[in-house]
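Note sheet for the following structure.
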Amino acid sequence: MKRVNTNNGGTQAVARAPGSIAAHYLLGVALAERPERAGDAVAAFEAALRANPGFAPGRNNLARARPLRD
C-alpha cells in the first residue's frame, strides 16, 4: 500500500476531495501508525464511515485505533 504523507499529502487529499472515502481512510491508516496521532486517525476513519457506513476496512481500523486514542 502506498504511504500517505501525514504532514501534508494526506490532508491535502482530504481537502481536495472531502467526500472521498478513500482519502479519509488512507489518511487514517497513515495517522494510525503514529500513536500520538491516534485521535486524528479515529476522526479520519469516522469521516470515511459517515460517507459509507458499510465500509468494512474503515470499521476494522476504527476499532483498532480507538483504544490507542484513550
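The values are calculated or read from the model by the stated rules, or taken from the named source; none is laboratory data. Here the structure is a predicted model, which means the values were calculated and not measured. Positions of Cβ are backbone-derived with ideal geometry, glycine not excepted, and every protein chain shown enters the neighbour counts. Remember, those area values only see protein heavy atoms, side chains included, never the ligands or the DNA or RNA. Shrake-Rupley method; radii C 1.70, N 1.55, O 1.52, S 1.80 Å.
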* To do: Could you tell me which residue of the stretch 1-25 is modelled with the lowest pLDDT, considering only residues that are in a helix (DSSP H, G or I) and open to solvent by 60 Å² or more (accessible area, probe 1.4 Å)?
  => Thr11
* **Of residues in the stretch 34-59 being more than 18 Å from Gln12 (Cβ to Cβ) and of a type in the set (D, E, K, R), the one surrounded by the fewest Cβ atoms within 10 Å (Cβ to Cβ)** => Glu36
